[in-house]
Amino acid sequence: MARANCAFIARAVTWAARQGISQFADLGSGFPVAAEHRQAEGCGISRLDADIHATARAVNQAARVAYVDHDPEVTDHVDALLPYFGFRGVAAVRADLRDPGAILANPALRKVIDPAEPICVILGLVLHYVDAAAAREIAAGYAQRLAPGSCIVITVPRFDDPQLFNQVRSAYTPAVLHNRTREDIASFLAGLDLIRPGAKPVAGFRPGWDDALQPSGSAYVLGGIGRKPADRLRPARRLSQKSTGSQAARPARRRRTAAPLSRKTPRFMR
Ligand SMILES: C[S@@+](CC[C@H](N)C(=O)[O-])C[C@H]1O[C@@H](n2cnc3c(N)ncnc32)[C@H](O)[C@@H]1O
């Protein structure tokens, strides 16, 4: 499940970077795989050993990333790795993702991320720690505050077998786990444009494509991506454009072009 989740998030980040998004907030990031560090130590790395910044920078060298986690062990670890990450444009932020306003105002995050510009917010395997109403509120809190053109990537674990879920829930002591459905994901992303193939198992999920693989077992990861339409927050300007019919009244959209795809981009991310 962890590998499938990691591969999907890499595909989602690549997709977002190709849409021109250059800012990424990985909320509840967990420990980065730190491929740069492992390479420097002479350790082997596999094709999945890419952190969000490495994946995004394979598309756009200028991509900036905030790794956010409330666990000080995680943020200390990221801090220690910053020299390997090249420092610039990567930040470790110790904060609670359940407060979207505080996260987006956090001074450490603001060093690398400008909330006035589109952000790809990643909520990977974290929204099963809270009940569905709280998860909806958290996701909506980000959706409201993000600039048009931003997106939210969500993954959650899914157990089709209630008995298996109960076993996992009782064995896992650090937090209460909630089983999630496709409808949950769609509701967390309500108000955003749900990117094809929708709220689906992450295996074979390629943003913008209709096909996703059916899971082979009863425990798997579900994912979804919502994008805030670029014009949804500009009603006043749209009105004036309609009323005048003038091209000049159109809001000046900043054009953001992704850097050409690096030759080094692993094939699975293309
Ligand atoms: C299962 S790991 C997910 C790691 C990674 N996002 C992934 O998709 O593989 C959950 C991480 O979320 C962090 N976390 C859980 N609740 C959090 C909260 N309220 N605020 C910030 N981080 C949180 C945990 O400390 C842990 O590092």
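Summed over region 19-35, the residues that are away from the ligand (no atom under 14 Å from the Cβ) and at pLDDT 65 or above give a count of 5. Screening Leu189 with (1) more than 17 Å from the chain's Cα centre (by Cα); (2) crowded, with 17+ Cβ neighbours inside 10 Å gives one miss only, at (1). The condition (being modelled with pLDDT of 95 or more and either in contact with a Pro (Cβ under 6 Å, 6 or more places away or on another chain) or in a helix (DSSP H, G or I) (or both)) is satisfied by just one residue among Ala186, Ala190: Ala186.
Only residues that are surrounded by 11 or more Cβ atoms within 10 Å (Cβ to Cβ) and more than 15 Å from the ligand (Cβ to nearest atom) were counted in region 163-178, giving 4. Here Ile152 fulfils each of the conditions (1) surrounded by fewer than 23 Cβ atoms within 10 Å (Cβ to Cβ); (2) in contact (Cβ under 8 Å) with a residue 24 or more places away in the chain; (3) within 16 Å of the ligand (Cβ to nearest atom); (4) not hydroxyl-bearing (Ser, Thr, Tyr) apart from (1). Annotation: of all residues in region 113-130 being away from the ligand (no atom under 13 Å from the Cβ) and not hydrophobic (A, V, I, L, M, F, W, C), the one that is surrounded by the most Cβ atoms within 10 Å (Cβ to Cβ) is Pro118. The one condition from (1) touching a strand residue (DSSP E or B) at 6+ places or on another chain (Cβ under 8 Å); (2) of a type outside the set (A, V, I, L, M, F, W, C); (3) within 15 Å of the ligand (Cβ to nearest atom) that Arg182 does not meet is (3). Filtering region 207-224 to residues that are in contact with a helix residue (DSSP H, G or I) (Cβ under 6 Å, 6 or more places away or on another chain) and closer than 22 Å to Pro118 by Cβ leaves Pro207, Gly223, Gly224.
For Ala135, indicate whether it is assigned to a helix (DSSP H, G or I), more than 13 Å from the ligand (Cβ to nearest atom) and without any contact (Cβ under 8 Å) to a residue 60 or more places away in the chain. Before the answer, list the steps.
Numbers: assigned to a helix (DSSP H, G or I): yes; more than 13 Å from the ligand (Cβ to nearest atom): no; without any contact (Cβ under 8 Å) to a residue 60 or more places away in the chain: yes.
No.
Cβ separations smaller than 7 Å between residues 6+ apart or across chains give the following pairs from region 1-20 residues that are under 16 Å from Val33 (Cβ atoms) to residues that are aromatic (Phe, Trp, Tyr) and within 13 Å of the ligand (Cβ to nearest atom): Val13/Phe24.
The number of residues in region 192-220 that are closer than 18 Å to Gly124 by Cβ, in contact (Cβ under 8 Å) with a residue 60 or more places away in the chain and surrounded by fewer than 19 Cβ atoms within 10 Å (Cβ to Cβ) comes to 2.
The values are calculated or read from the model by the stated rules, or taken from the named source; none is laboratory data. A quick note: this is a predicted structure, and the numbers were derived from the prediction, not measured. Cβ atoms come from the backbone with ideal geometry, glycine included; neighbour counts cover every protein chain shown.
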